[in-house]
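Novice: Structure in structure tokens, see below.
The values are calculated or read from the model by the stated rules, or taken from the named source; none is laboratory data. All of these numbers come straight from a predicted model, not from anything done at the bench. Virtual Cβ from ideal backbone geometry, glycine too; neighbours counted across all protein chains shown. Accessible surface areas use protein heavy atoms only, side chains included; no ligands, DNA or RNA. Shrake-Rupley method; radii C 1.70, N 1.55, O 1.52, S 1.80 Å.
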Amino acid sequence: MQAAVAALREKSAGFRQEVELEAGGQEYGLTVTGGFDFAADKGHVAVDLPGGAIDHSDQVFADGKIYISGAEGIDEGAWGVMPRDKAEAHYLLRAPLNDPEHVLVQIAAMREISQEGEENVQGVRAVHYRGILDHQTVTLRMAKDVRTKMDQARDMLRSNLPVFADAWVDGRGRLVQTRTSVNMSGTRATLTMALSDIGKPVRATVPRASDTVPVTEVGGILNG
């Protein structure tokens, strides 16, 4: 399974994420779609939250930076820009600014892996692997305030948070789907990522410098 993740990180792919969140009595469902060249560290992401106050956001990854539009505090027609390695996650099982490679890093770190048999996934037969994520992996690149809450939850449980990870690998050794999920004390989160068009070229159009403004943090449910 780890070999399939490592192989994908040397290629490009299209992806579609379905994100389900439930916390504090509120439920959110959003989709994250795009294409990413993991070898070249570039790609594009579109995020949609039907019915949200801000219902669409775009991100472009290139040259070690992330360009963000449609976020709170960024004027219409403008793009915020920040270093990719400075982006942080603000919700459990979300990736910093929806970075799809972050998901692969977490999946590759799963432990206590078991093989759950073969299933039909994304139109192909694939072997299903299941494992768990440790606390360090779950809180990877989390904003400090969110990580503190996760630390407190771990201390109350006196164990790692019950976070499961799943991966599906087809007969050609390709990663075709991943899932991370948690359900505890009224907080539920699931992130499912389907992968397609593996190896096909990915384009990422970088905004003009005159249309960008430096930002240090981008919040909101759409942005991880």
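Novice: Using a 1.4 Å probe on the protein heavy atoms, what percent of the accessible area of the range 84-224 belongs to carbon and sulfur?
Specialist: It is 47 percent, rounded to a whole number.
Novice: Roughly speaking, to the nearest percent, how much of the range 8-55's 1.4 Å accessible area is carbon and sulfur? Show your work: numbers first, answer last.
Specialist: Numbers: 1000 of 2320 Å².
Solvent-exposed carbon and sulfur of the range 8-55 make up 43 percent of the total.
Novice: Now, a different point. Under 5 Å between amide hydrogens, which residues at least 5 positions from residue 79 or on another chain qualify, with H placed 1.01 Å from N in the peptide plane?
Specialist: Hits under the 5 Å cutoff: 212, 213.
Novice: Would you work out which of 115, 143, 36 lies farthest towards the positive end of the dipole of the chain, given +1 charges on the beta-carbon of Lys and Arg and -1 on that of Asp and Glu, about the Cα centre?
Specialist: Positive-end residue among those listed: 115.
Novice: In debye to the nearest 20, how big a dipole does the range 151-224 give about its Cα centre with +1 on each Lys and Arg Cβ and -1 on each Asp and Glu Cβ?
Specialist: I would put it at about 240 debye.
Novice: Tell me which of 215, 61, 5 sits at the most positive position along the dipole axis of the chain, charges placed on C-beta atoms (Lys, Arg +1; Asp, Glu -1).
Specialist: With unit charges placed on the Cβ atoms, the residue in question is 5.
Novice: Next question. Kindly identify the range 4-125 as rounded, prolate or oblate by the Cα gyration tensor criterion: order the square roots of the eigenvalues as a ≥ b ≥ c, call it rounded if a/c is under 1.5, otherwise compare a/b with b/c, prolate if a/b is larger, else oblate.
Specialist: oblate
Novice: So which of 11/86; 65/200; 42/200; 86/200 end up more than 20 Å apart, counting from Cα to Cα?
Specialist: The answer is 11/86; 65/200; 86/200.
Novice: For the chain, build the charge dipole from Cβ charges (+1 Lys, Arg; -1 Asp, Glu) around the Cα centre, then report which of 177, 93, 192 sits farthest towards its positive end.
Specialist: Toward the positive end, the furthest listed residue is 177.
Novice: Is there a quick way to get the dipole size of the range 1-44? I mean about its Cα centre, with the Cβ of Lys and Arg at +1 and of Asp and Glu at -1; what is the value in debye to the nearest 20?
Specialist: Charge dipole, the range 1-44, about its Cα centre: 280 debye, nearest 20.
Novice: Using amide H atoms built in the peptide plane, which far-off residues or other-chain residues are under 5 Å from residue 56 H to H?
Specialist: 49
Novice: Continuing with this model, one more query. Below 8 Å, C-alpha to C-alpha, sequence gap of six or more: please give me the relative contact order for the range 99-182 in percent. Spell out each step's value before the answer.
Specialist: Values: 127 pairs, mean separation 25.1, N = 84.
So the answer I get is 30 percent.
Novice: Now for a separate question. Starting from the Cα coordinates of the range 1-53, work out the convex hull volume and express it per residue in Å³.
Specialist: Each residue corresponds to 108 Å³ of Cα convex hull volume.
Novice: Right, something else. At 222 nm, what value in deg cm²/dmol follows for the chain if DSSP H runs of at least 4 each add -39500 (n - 2.57) and the sum is divided by all its residues, to the nearest 500?
Specialist: Working: 4 runs with 34 residues, N = 224.
Roughly -4000 deg cm²/dmol at 222 nm, from the helical runs in the chain.
Novice: Okay, next question. Accessible area per residue for the chain in Å², computed with a 1.4 Å probe and the full protein assembly in place, what is it?
Specialist: The answer is 50 Å² per residue.
Novice: A further question follows. In whole Å and largest first, what semi-axes does the C-alpha gyration tensor of the chain yield when each eigenvalue is scaled by 5 and square-rooted?
Specialist: Listed largest to smallest, the semi-axes of the chain are 27, 23, 15 Å.
Novice: I would also like to ask the following. Test of understanding: in a Gaussian network model of the chain with alpha carbons linked when under 10 Å, which of 177, 59, 115 would top the mean-square fluctuation ranking?
Specialist: Of 177, 59, 115, the Gaussian network model singles out 115 as fluctuating most.
Novice: So, one more: Taking θ = phi - 60°, what integer Hz values does the Karplus form 6.51 cos²θ - 1.76 cosθ + 1.60 yield along the range 202-209, in sequence order, with x for Gly and Pro?
Specialist: 10, 9, 9, 8, 7, x, 5, 4
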